[in-house]
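The values are calculated or read from the model by the stated rules, or taken from the named source; none is laboratory data. As the structure is a computational prediction, the values presented were derived from the model and not from experiment. Note that we place each Cβ from the backbone using ideal geometry, even for glycine, and neighbour counts take in every protein chain shown. These accessible areas exclude ligands, DNA and RNA; they are computed on the full protein's heavy atoms, side chains included. Shrake-Rupley method; radii C 1.70, N 1.55, O 1.52, S 1.80 Å.
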Amino acid sequence: MERELDSYQLFYSDGFWYVLGYCHLRDDIRTFALDKIGFAKPLNKYFGVRRNFVFESFMSACWKK
């Protein structure tokens, strides 16, 4: 499935690399495992990280589940 992603943060967890960012398809912030991404290409677009986004706060909420 093709997606457009505004990448916010690259991080390593439990032996795997992930990219976290805004997924335009889902209209939400999502996490993607890099080893599951078959192909990626940069787009000639600029974006800003959402105003209220804080990586540590986002991830701590995810880890509490």
On the basis of being open to solvent by less than 50 Å² (accessible area, probe 1.4 Å), among the acidic types (Asp, Glu) and within 11 Å of the chain's Cα centre (by Cα), does residue 28 make the cut? no
Per the list (1) surrounded by 11 or more Cβ atoms within 10 Å (Cβ to Cβ); (2) in a helix (DSSP H, G or I), residue check on residue 57 breaks on (1)
Considering only residues that are aliphatic (A, V, I, L, M) and in a strand (DSSP E or B), look in the stretch 23-46 and name the one that is farthest from residue 10 (Cα to Cα). 29
Across the stretch 32-51, which residue is farthest from the chain's Cα centre (by Cα) among those that are modelled with pLDDT under 95 and farther than 15 Å from residue 2 by Cα? 44
